[in-house]
Amino acid sequence: MLAALAGIFSLIGLIVTFIKKLLVKYVVHAVIISAQFAVTASTIVFVMAFYAFTLTALVTIYNKGIEIFEYASNSGLQSVSCLAGLVDCIGLGAAMQNGFSLMYAALSTIVIFHLFKFTLTAMRMIMNELFKLGLLIGQAL
């Protein structure tokens, strides 16, 4: 009776050890790999969202800057329209629009150079995450 009970407990111990090794080998790797997939995907989505935001902001700045001059000349207020007429009469309005266009071109160039720097950093981050993902998949197999 005692030998049978010891045999049952050792069999249960072997089954638990087998299930533990199976869980450690596959489930832990699956959880880590899925978490690494999430980190990699979120990094890529962040970079794309940042580019979309930057380009949208540049277009919005340009459109709002041009709308200011149009609003000042078409405003219903007498003092503003009189001032806008005077500014247009002496040619200051066109000069300000040209100056804004040149300033916008300079601003865009600076932002694009910073985006190039961000692109290098972002590509380094993404490649690092993909490398980690490849190592984890290699370990799991």
By how many nm would the segment from L11 to F46 lengthen if fully extended, with 0.36 nm per residue of separation less the alpha-carbon distance?
7.5 nm
Only helices at least 18 Å long along their axis, Cα-based, and averaging 0.5 or more on Kyte-Doolittle count here, so list those DSSP H runs from the chain.
2-22, 28-74, 92-140
Among G13, G85, G65, the residue with the largest mean-square fluctuation in a Gaussian network model of the chain built from Cα contacts under 10 Å is G13
With 0.36 nm assigned to each residue of separation and the Cα-Cα distance removed, T119 to S101 gains 3.9 nm
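How high is the relative contact order of the chain, in percent, with contacts defined as C-alpha pairs under 8 Å that are six or more residues apart?
Reported relative contact order: 43 percent.
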Once you compute Rg and the Kirkwood Rh from C-alpha atoms, what is the Rg to Rh ratio for the chain?
1.51
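Every read-out reported here was derived from the displayed coordinates using simple, explicitly stated rules and does not represent laboratory data. Here the structure is a predicted model, which is why all the values come from computation and not from measurement.
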